[in-house]
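Presented below is the structure to which this report refers.
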Amino acid sequence: MDTKLLMTGLTVALGGMTPGLAIGLITSAALNAIGRNPEAANEIRTSMILGIAFAEAIAIYALVTGLIIKFV
């Protein structure tokens, strides 16, 4: 098996799995916070969406890194 192909697969798999886990944890924490303090729902929701966007950016970086490993 080609080492480059294995590294590409691991990079994309781990780079997709970790942000998925982070998004789940962020959403869980935000829903718990909204449940405890409903008046702050707008601020919490804004912070949650920003955190999810940053976590998703990590997945995109992992995809780009995997493509660089494969084709360079």
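Quick check on T46: is it surrounded by 13 or more Cβ atoms within 10 Å (Cβ to Cβ) and polar (S, T, N, Q)?
No: the conditions fail for T46.
Could you look through segment 14-72, keep only residues that are of a type in the set (K, R) and at pLDDT 95 or above, and pick out the one that is nearest to K4 (Cα to Cα)?
Filtering segment 14-72 for residues that are of a type in the set (K, R) and at pLDDT 95 or above, the one nearest to K4 (Cα to Cα) comes out as R45.
How many residues are of a type in the set (D, E, K, R) and under 14 Å from the mean Cα position of the chain (by Cα) when one looks only at segment 1-56?
Looking only at that region, the number is 1.
Is at least one residue of segment 47-68 assigned to a helix (DSSP H, G or I) and touching an Asp or Glu at 6+ places or on another chain (Cβ under 8 Å)?
So far as segment 47-68 goes, no, none of its residues is assigned to a helix (DSSP H, G or I) and touching an Asp or Glu at 6+ places or on another chain (Cβ under 8 Å).
Can we say E56 is of a type in the set (D, E), on the phi < 0 side of the Ramachandran plot and surrounded by 13 or more Cβ atoms within 10 Å (Cβ to Cβ)?
For E56, the condition - of a type in the set (D, E), on the phi < 0 side of the Ramachandran plot and surrounded by 13 or more Cβ atoms within 10 Å (Cβ to Cβ) - is met.
Is it the case that A22 is surrounded by 11 or more Cβ atoms within 10 Å (Cβ to Cβ) and either in contact (Cβ under 8 Å) with a residue 40 or more places away in the chain or part of a helix (DSSP H, G or I) (or both)?
In short, yes.
The values are calculated or read from the model by the stated rules, or taken from the named source; none is laboratory data. Keep in mind the model is a prediction, meaning the values are calculated, not measured. Quick reminder, even Gly has a Cβ in these numbers, built from the backbone with ideal geometry, and neighbours come from all protein chains shown.
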